[in-house]
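Inspection log for the structure reproduced underneath, given as structure tokens.
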Amino acid sequence: MSIISLQAFSDILYRYQNLIIISGLIISFSGGSWDITYHILSQPESFFSYPHTLVYTGIFIVISTFFINLRKNISNKNPHRKANILILLGTILILSAGPFDFSWHLKFGLDGLLSPPHVTLLTGWMLVGSGNLWITNNLIDSILLQNKKSNNRKSADEGDTNYRDLDNLSTLDHSNSLLDKNEQTILKIQLILNLSFILVILSGFIYFFSLPFSETQFYNYNPNSLVALLVYGFGFPFLLSSFFINILKNYPGFKEVILLVGSFYIIIMLLTQIISNPFLIGLSWYYILNIIPFAIIYLLDKKQSRKTFTEINLPPLSSSGNLKNKTKKCTHPKIYIFYALILAIFSFTICFPLNTYILNEELYGYLVYQNLVFKVYAQLFADYFIIIMSMSIVGGLLGYGLVTTGGIVGPSKHIVIQMHHYLSELRHRDR
């Protein structure tokens, strides 16, 4: 009886392990972000602090979930074997980070933000999150490919086209569907959490190499203040613009993703950097306003997609060259530049309060007391507005340029499927 129950439990974990893993990763990272606030507030620091408890609770969830079904995960028969191996490598780094961090605290006591154990942990998080997203995308593509095949005849008659449109997952032929409706909803949630986690991890790497919180009595790993300013000043606008434009290109049928991922990021930062700091909690409602740029992009892109859908579903074009020009025009709208600029400009408020410490280190050199953080932040904006906005705009445009020229993502699947659909129609008429 107990064996049967254990096997059933193992099967349930295997079925939902990617959702459980990403949830554990978010719990763990939230503890890490909260730990930064602990350092800022000079709270008593030890391996067994509250933030560390949250970090290692999340780690326990990730590792136990993955290793219970380790044999299945890395089996040659598993279609996601390569992604699971990436997750395995990440879990090994995460496992090693625990005792590494413990020994580091024993030797040095208070540790800084940038330390070998923390870099090991952040890298492990990144590998696990990337492998998890890889699997999620593969599942989505498999479902939509099956959906396209099952509706192929109808699509040929009506000129309808399915691409990575998560809103259309519910239109599957459920007699042959890979997932039922509830699991499709879970898959959407899993995607949102995965993308959100990758974003916070990438922002974590930027903060690691820009925040001046890595000096202790035994060592000083603080980055050069000018280098830190450049890493932050160009890095965050670049990250936000490239990341969210990349989302728009890869998930053109799920417009809500940019709003949900952006809002999730704001909420995580709100909880771990604003509400957890008694000196900043009064600014919570102002910080929530950072959701506005993501809402603007969501609404504009939704309107743009209607126009694109109308243009791309015109009667068949006379030549494949014309089709290529039409899809290229629809897939690379100039409005993406506007999106990049919105995200770049708002990066200054999105990164509050941590950017205050980064900019202050080079531009003022004050000893920033917690009750003066917002005052220093406002002074930085007033005194160095042109410098801050110039760096933000350049970083945002660089992010836009890299994504739209194919530096991060390949050709849009929307173009590929449209071209395939068009050629199929030509062969059908020839017959």
Quiz item: Which pairs have Cβ atoms under 7 Å, sit 6 or more apart or on different chains, and link a residue in the range 281-295 that is touching a residue at least 60 places away in the same chain (Cβ under 8 Å) to one that is part of a helix (DSSP H, G or I)?
Solution: L283/I274; L283/F374; Y287/L270; Y287/I274; N290/I266; N290/F346; N290/T349; N290/I350
Quiz item: Pick from the range 76-102 the residues that are more than 23 Å from the chain's Cα centre (by Cα) and of a type in the set (S, T, N, Q): which of them is modelled with the highest pLDDT?
Solution: S96
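Find the residue count for the range 339-381, including only residues that are assigned to a loop (DSSP other than H, G, I, E, B) and either on the phi > 0 side of the Ramachandran plot or in contact with a Pro (Cβ under 9 Å, 6 or more places away or on another chain) (or both).
Total satisfying the criteria: 1.
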Quiz prompt | Residue satisfying condition, being surrounded by fewer than 19 Cβ atoms within 10 Å (Cβ to Cβ), closer than 27 Å to L354 by Cβ and polar (S, T, N, Q), within set T57, T37 | solution = T57
Quiz item: When you go through (1) modelled with pLDDT under 90; (2) among the hydroxyl-bearing types (S, T, Y); (3) under 22 Å from L193 (Cβ atoms); (4) open to solvent by 60 Å² or more (accessible area, probe 1.4 Å) one by one for S42, which number turns out not to apply?
Solution: (3)
Quiz item: From the set of residues in the range 89-102 that are among the aliphatic types (A, V, I, L, M) and open to solvent by 60 Å² or more (accessible area, probe 1.4 Å), which is farthest from Y219 (Cα to Cα)?
Solution: L89
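Could we say that S30 is within 22 Å of L122 (Cα to Cα) and at pLDDT 90 or above here?
In short, yes.
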Practice problem: Identify, from the list S28, S10, S5, the residue that is in a helix (DSSP H, G or I), surrounded by 19 or more Cβ atoms within 10 Å (Cβ to Cβ) and hydroxyl-bearing (S, T, Y). | Solution: S28
Practice problem: Among residues belonging to the range 103-156 that are loosely packed, with under 14 Cβ neighbours inside 10 Å and at pLDDT below 70, point out the one that is nearest to S28 (Cα to Cα). | Solution: K149
Quiz item: surrounded by fewer than 17 Cβ atoms within 10 Å (Cβ to Cβ), under 22 Å from A295 (Cα atoms) and modelled with pLDDT of 95 or more, is that true of I393?
Solution: yes
Quiz prompt | Pairs, first closer than 12 Å to L13 by Cβ and of a type in the set (S, T, N, Q) in the range 52-76, second at pLDDT 90 or above and surrounded by fewer than 20 Cβ atoms within 10 Å (Cβ to Cβ), C-beta under 6 Å, six or more apart | solution = T65/I20
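Evaluate the following for F279: is it closer than 25 Å to G31 by Cβ and out of contact with any strand residue (DSSP E or B) (no Cβ under 7 Å at 6 or more places or on another chain)? Steps first, answer last, please.
On the way: closer than 25 Å to G31 by Cβ: yes; out of contact with any strand residue (DSSP E or B) (no Cβ under 7 Å at 6 or more places or on another chain): yes.
It is true that F279 is closer than 25 Å to G31 by Cβ and out of contact with any strand residue (DSSP E or B) (no Cβ under 7 Å at 6 or more places or on another chain).
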Exercise. Counting only residues that are over 23 Å from Y38 (Cβ atoms), modelled with pLDDT of 90 or more and of a type in the set (G, A, S), give me the helices (runs of 4 or more DSSP H) lying completely in the range 173-290 with at least 1 of them.
Key: 225-250, 256-269
Self-check item: the range 217-235 residues that are at negative phi and hydrophobic (A, V, I, L, M, F, W, C), paired with ones that are part of a loop (DSSP other than H, G, I, E, B) and open to solvent by less than 70 Å² (accessible area, probe 1.4 Å) (beta carbon under 6 Å, 6 or more apart)
Solution: A228/S210; V231/S210
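Is the range 161-170 home to any residue that is over 20 Å from K188 (Cβ atoms), modelled with pLDDT under 55 and not in a loop (DSSP other than H, G, I, E, B)? Outline the logic, then answer.
Looking only at the range 161-170, we keep the residues that are over 20 Å from K188 (Cβ atoms), and these are 161.
Among the residues that remain, those that are also modelled with pLDDT under 55 are: 161.
When the remaining residues are screened for being not in a loop (DSSP other than H, G, I, E, B), the result is none.
Within the range 161-170, not a single residue is over 20 Å from K188 (Cβ atoms), modelled with pLDDT under 55 and not in a loop (DSSP other than H, G, I, E, B).
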Self-check item: Where Y357 falls short, out of the listed (1) of a type in the set (F, W, Y); (2) open to solvent by less than 50 Å² (accessible area, probe 1.4 Å); (3) farther than 18 Å from L226 by Cβ
Solution: (3)
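The values are calculated or read from the model by the stated rules, or taken from the named source; none is laboratory data. Since the model is a prediction, treat every value here as computed from it, not as a measurement. All Cβ positions, even for glycine, are placed from backbone atoms using ideal geometry, and neighbour counts span all protein chains on display. Note: accessible area is taken over every heavy atom of the protein model, side chains too, but ligands, DNA and RNA are not part of it. Shrake-Rupley method; radii C 1.70, N 1.55, O 1.52, S 1.80 Å.
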